[in-house]
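Below is one structure; the comments refer to it alone.
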Amino acid sequence: MEFSQYNVNALMYITPRPDLVFTEGKGMWLTDHKGKRYLDYLQGWAVNCLGHSPQCIQDALVAQSKKLINPSPAFYNAPAIELASLLTANSCFDRVFFANSGAEANEGAIKLARKWGQKNKHGAFEIITFDHGFHGRTLATMSASGKPGWDTIFAPQVTGFPKADLNDIASVEKLISETTVAVMLEPVQGEGGVLPASREFMQALRALTKKHNVLLIVDEVQSGMGRTGELFSYQLSGIEPDIMTLGKGIGGGVPLAALLCREEVACFVPGDQGGTYNGNPLITAVGVAVLQELLAPGFLASVHQKGDYLSQQLLQLSEQFGLQGERGEGLLRALRLGSDIGPKIVEIARDMEPVGLLLNSPRPDLLRFMPALNVSTEEIDQMIAMLAQVLTQLKK
Ligand SMILES: *Cc1c(COP(=O)(O)O)cnc(C)c1O
């Protein structure tokens, strides 16, 4: 089929998209409407932690859809209970509320913190967040985000989100007052350009929030579910937060997210929180299947190994082409280009023949890599070779 035969203008315009319609995906590969294949280093924006259409997700969807799809959130269902139990058994948290997107999980975290502040801190409601942070696209989560320009596009903002600087503990301390209820951050800023919070900063933040009786919320929508080689990236610094949100990888591609907290913080009462699709068995059954794969012996160790390998290869490429190095944790990494050639690279790589390469440039001087967590070393080598080809072409 020709691209012009698709009535793409039936869709609301929200972002520029290339003239491609993807029709199939398997593992690290996508196929477009013309049958051209692409090596996919976006994976649905760090969503497909097991690659496109893995067998375990197909099986879970088929099996669960034959049993029960949605009894309503007013009743218990077995997959939701099983997934919540697996998550609490493998983290420092005791309670789980399921959501359908990262933004919705973060809205829940904000509500939970404010509720806790009403009960325990005389109505304290301010949540300190970070410059260049990203927490989603609802009004409150946009206000919590530190993306340039987001404070004005849908003014007025939701108030109560003063911004500190990542890895600068003094900038957080300065903002703490009687009205502060929580500090919320991504342990690795994803959309901001793959900027990890340092171990020391995470530890200092935990000490500071404890000292002031302030909650620590980690937004692990992008950094959680094995992405950094630990199941959750707060584990990299050995601290225990009070609240965590998950999204993206938790569903392996289907809409699933979660809000987790410790028992002392679980203060919602009936009427505070809910949602029609929240915790439905069809999607939580997928979550169980995905998490079991991540917890299989050796899986997370292999993410660490692949992350180290990708890091080495990117460094080598950086030296070869005079770029500015790389950074990241596990399989969430960025190549620092030193000039604003990111968008050009993305375009040339995608248009390569006979196979294309899908990359992301969250900032014009940066490329971000978020492969499936079960990417092979051959698929890393192939990406590096293709990227080298693009960089050579650009040098000419
Ligand atoms: C993607 C992302 C979100 C938003 O998740 P959605 O599912 O798109 O609502 C929130 N926080 C972080 C850190 C993210 O990367």
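The values are calculated or read from the model by the stated rules, or taken from the named source; none is laboratory data. None of the values given here were measured: they were computed from a predicted structure. Cβ: placed from backbone, ideal geometry, glycine included. Neighbour counts: every protein chain shown.
Among residues of the stretch 103-119 that are farther than 11 Å from residue 268 by Cβ, those with a Cβ under 7 angstrom from a residue that is basic (Lys, Arg) and within 16 Å of the ligand (Cβ to nearest atom), sequence gap 6+ or separate chain, pair up as 103/137. Given the criteria within 15 Å of the ligand (Cβ to nearest atom), surrounded by fewer than 24 Cβ atoms within 10 Å (Cβ to Cβ) and not in a helix (DSSP H, G or I), does residue 122 qualify? In short, no.
What's the total number of residues in the stretch 310-322 that are loosely packed, with under 15 Cβ neighbours inside 10 Å and not aliphatic (A, V, I, L, M)?
Restricting attention to the stretch 310-322, the residues satisfying the condition of being loosely packed, with under 15 Cβ neighbours inside 10 Å are 312, 315-316, 319-320, 322.
If we keep only those that are not aliphatic (A, V, I, L, M) as well, we get 312, 316, 319-320, 322.
Number satisfying all stated conditions: 5.
Got a number for residues in the stretch 156-194 being more than 16 Å from the ligand (Cβ to nearest atom), surrounded by 15 or more Cβ atoms within 10 Å (Cβ to Cβ), among the polar types (S, T, N, Q) and on the phi < 0 side of the Ramachandran plot? Here the count works out to 3. Among the residues of the stretch 27-52, just one is assigned to a loop (DSSP other than H, G, I, E, B), farther than 27 Å from residue 4 by Cα and of a type in the set (Gly, Ala, Ser), namely 51.
Would it be correct to say that residue 245 is among the hydroxyl-bearing types (Ser, Thr, Tyr), modelled with pLDDT of 95 or more and either within 19 Å of residue 373 (Cβ to Cβ) or within 13 Å of the ligand (Cβ to nearest atom) (or both)?
On the way: among the hydroxyl-bearing types (Ser, Thr, Tyr): yes; modelled with pLDDT of 95 or more: yes; either within 19 Å of residue 373 (Cβ to Cβ) or within 13 Å of the ligand (Cβ to nearest atom) (or both): yes.
So residue 245 fits the description; yes.
For the stretch 177-213, residues that are of a type outside the set (Gly, Ala, Ser), outside any helix (DSSP H, G or I) and more than 18 Å from the chain's Cα centre (by Cα) total 7.
Taking the criterion of being under 17 Å from residue 105 (Cβ atoms) and either surrounded by fewer than 24 Cβ atoms within 10 Å (Cβ to Cβ) or of a type in the set (Lys, Arg) (or both), the only residue of the stretch 195-218 that qualifies is 216.
Residues that are over 19 Å from residue 246 (Cβ atoms) and touching a Lys or Arg at 6+ places or on another chain (Cβ under 9 Å) were ranked within the stretch 131-149; the one that is farthest from the ligand (Cβ to nearest atom) is 131.
The residues of the stretch 201-230 that are on the phi > 0 side of the Ramachandran plot and either within 16 Å of the ligand (Cβ to nearest atom) or of a type in the set (Val, Ile, Thr) (or both), listed by number, are 225, 226. The number of residues in the stretch 17-26 that are farther than 21 Å from residue 248 by Cβ and in a loop (DSSP other than H, G, I, E, B) comes to 4. Of the residues making up the stretch 129-137, none is over 21 Å from residue 362 (Cβ atoms), in contact with a helix residue (DSSP H, G or I) (Cβ under 7 Å, 6 or more places away or on another chain) and not in a strand (DSSP E or B). Filtering the stretch 342-357 to residues that are outside any helix (DSSP H, G or I) and touching a helix residue (DSSP H, G or I) at 6+ places or on another chain (Cβ under 6 Å) leaves 356, 357.
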